Amino acid sequence: MSGRILVVDDIDANVRLLKAKLEVEYFDVITADNGPDAIALARKAIPDLILLDVMMPGMDGYEVCRKLKDDPRTRHIPVVMVTALDQQENRVEGLQSGADDFLAKPIDDVALFARVRSLLRLKIVMDELRQREASGRALGAINDLLPDAAQEDTPARIMILEDDEHQGQRLSEKLGGDYIHVLTCDPREASERLRTERFDLFIVNLAARGFDGLRLCARIRSDEKGRLMPILALVNGDNRERTVRALDIGVNDILPRPVDKNELVARVHTQLKQKKYVDTLRQSLDASFEMSITDQLTGLHNRRFMKARLDDALARAARGIEPASVMIADVDFFKPVNDTYGHDAGDRVLQELAVRLKANMRAIDVVCRYGGEEFVVVMPGSDDIAALQAAERLRIAVAAEPFALGQNQRSIDITISAGVAQIRAGEDNEAALKRADHALYRAKQDGRNRVVMDEQSIAKTASGQ
Ligand SMILES: [Mg+2]
């Protein structure tokens, strides 16, 4: 694993020692010997990780960390505080200033590289999400007005797996807070519930005698659903080997036992904050994906999505798996609606038509707004006779009830014309749409408010092929 690491320490010998160690492992190392320089360099070079000395003249490590975490440009960079004073208060203060972890001087190489690898792995996942989100924004598919469920104040759900109930209770009491705690001593129950319910954090005692916590963590990580589940592991303070193994397996954070209440609270807080951020990114990605395949006015699928689904249907038809048909429907005399009642009224008609389309098509049919007042339905599994019946059902449903032009406004009669074609093996989606479109043209020619089947489909039906 490689990456760019910023080393910050006011003592030159410390900087050189860390730099040498990291370069042996092929990390790209940049350095600073004071707080302001470190912040400027972090903004400019955007390292993957920062190793930050706590005790520095002028601006100390806590302040540097707070400034980095307050700045959107550097907020996502993991910070490991390097402290000579391995005191509980310093650790808590560091965590509260936003540090992701701690290392005590003199730095133990094994612990150093385990931490670095663990934080870099997490950062790779985060960078990927951030990048996809940024491109979504650039494409205009994501904006700040999107619903942001992660901002909602639902209490975090935390699963605690401890050796015995008494220990679990004590941990839960120390943790306190506005969280929902689910306590268990059964590793099978824990992994089952983690798989099937929503949890924001999993706290597991790796020193437990009753179960193999490391194995459980490894299994959670290898499962698709547990890949991003934050895990905080409790390890006996002196068990360095287990700490390193846990980090290598993909545990997010380690808390030494005996558990200090403040450190527990601070580390849990850090993990939950991180989880919230990941959830926000993923939700806006989901929303941008949804938007990219949705027609904004009607909520139906858009043309891009329809083409992809039509290609699927064509491929299945070509392989003889199942027939498929396509329908193009168009609102009769739509322009006069806009001209007479205004575009808002026209939009209402299209929205209502979308509702009737959805109501009259099957769940597996792909209903799309093709553009303007034109709609396309891809009907997997339907031959032309079934498609014709479906189109006729829709035509009747549209003509049967007038369309309201808005609340307390008048209603008008609307009709549609539709063309239907069964997809033929070997043709592309343009050809299939063209045949349906040609049938639609004939429906218009023949007087509108009617459904016409593609001529070639009719020929096939007539000859009984
Ligand atoms: Mg110092």
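Structure notes:
- Filtered residue count, segment 353-412, keeping only those that are surrounded by 14 or more Cβ atoms within 10 Å (Cβ to Cβ) and either small (G, A, S) or assigned to a loop (DSSP other than H, G, I, E, B) (or both): 15
- Within the option set A104, A99, being under 21 Å from M229 (Cα atoms) and within 16 Å of the ligand (Cβ to nearest atom) holds for one residue only, A99.
- Residues that are closer than 15 Å to E93 by Cβ and among the hydrophobic types (A, V, I, L, M, F, W, C) were ranked within segment 60-72; the one that is farthest from the ligand (Cβ to nearest atom) is C65.
- Test: residue in segment 281-294 that is at pLDDT below 90, touching a His at 6+ places or on another chain (Cβ under 7 Å) and outside any helix (DSSP H, G or I): yes
- A residue that is at pLDDT 95 or above, in contact with a helix residue (DSSP H, G or I) (Cβ under 6 Å, 6 or more places away or on another chain), assigned to a loop (DSSP other than H, G, I, E, B) and assigned by TED's automatic domain parsing to the domain that holds D332 can be found somewhere in segment 415-427.
- Residue match in segment 33-46 (condition: within 16 Å of the ligand (Cβ to nearest atom), closer than 27 Å to V259 by Cα and surrounded by 14 or more Cβ atoms within 10 Å (Cβ to Cβ)): no
- Every residue from segment 272-297 that is of a type outside the set (V, I, T), under 19 Å from Y179 (Cβ atoms) and buried (at least 16 other Cβ atoms within 10 Å of the Cβ): L272, Q274, K275, Y277, D279
The values are calculated or read from the model by the stated rules, or taken from the named source; none is laboratory data. From a predicted model like this one, the values you see are computed outputs, not experimental measurements. Using ideal geometry, Cβ is built from the backbone for each residue, glycine included, and neighbour counts are taken over all protein chains shown.
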